Amino acid sequence: AQSVAQPEDQVNVAEGNPLTVKCTYSVSGNPYLFWYVQYPNRGLQFLLKYITGDNLVKGSYGFEAEFNKSQTSFHLKKPSALVSDSALYFCAVRDLPGAGGASKIIFGSGTRLSIRP
Amino acid sequence: DTAVSQTPKYLVTQMGNDKSIKCEQNLGHDTMYWYKQDSKKFLKIMFSYNNKELIINETVPNRFSPKSPDKAHLNLHINSLELGDSAVYFCASSQGAHSNQPQHFGDGTRLSIL
């Protein structure tokens, strides 16, 4: 089965500095990878995805992610952090389809991003 | 124009009771999901329906029974509520049972068992 790991429970960054939220994955075949953000008392919101093609994927709110096949990583990045970026971030991978052809998304454990003014 | 809406937003009830959570999506998607997020924020899928057919059924107590009356609705009924059922339950939808399309989430139902 596919799996995804987020090694950091919390990332602290000063406003204006670049930020990176790490994600590594384990898959069979070509992965479908996603990043979601969750603000307090809200559902998850889709940020970006990697399916195929360019290794650098651009998404919402100025975020981007770099797919690295050799390191099996899909780190989320932003050149200049904002206080409003403070939230919980989830990396996710699409699992392989089961017998019925359906597949589920497996989420990482989440990383809490805190941007200080 | 809420894309995925859940009701109620908060649910406080006593152990042993039966309760239902409703979900509706207006995105025209054919696949809907129920997730459970625990107090440590771990997110785990419970069920998924595609065109009203159950396609994913994780290891969930049979006290939990989903029902999809049509593609736009997915409800969750829970019998004999237990303390461990306290969590936030999220509904989501997407297009395709196995596709690269992202899922769209509701804002959750916060279930507290007294």
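The values are calculated or read from the model by the stated rules, or taken from the named source; none is laboratory data. Small disclaimer: the values here were computed from a predicted structure and weren't measured. All Cβ positions, even for glycine, are placed from backbone atoms using ideal geometry, and neighbour counts span all protein chains on display.
Couple of notes before you dig in:
- Residues of region A:32-60 that are more than 7 Å from chain B (Cβ to nearest Cβ), surrounded by 16 or more Cβ atoms within 10 Å (Cβ to Cβ) and either of a type in the set (A, V, I, L, M, F, W, C) or farther than 20 Å from A:Val83 by Cα (or both): A:Leu33, A:Trp35, A:Val37, A:Leu47, A:Leu48, A:Tyr50, A:Val57.
- Considering the conditions (1) modelled with pLDDT under 95; (2) within 24 Å of B:Thr31 (Cβ to Cβ), A:Trp35 is excluded by exactly one of them, (1).
- Criterion applied to B:Tyr89, B:Tyr33 was being touching a Cys at 6+ places or on another chain (Cβ under 8 Å) and hydroxyl-bearing (Ser, Thr, Tyr), and the one residue passing it is B:Tyr33.
- Counting only residues that are within 11 Å of chain B (Cβ to nearest Cβ) and in contact (Cβ under 8 Å) with a residue 40 or more places away in the chain, region A:7-31 holds 2 of them.
- Only residues that are within 14 Å of another protein chain (Cβ to nearest Cβ), exposed (fewer than 15 other Cβ atoms within 10 Å of the Cβ) and touching a Gly at 6+ places or on another chain (Cβ under 9 Å) were counted in region A:61-117, giving 1.
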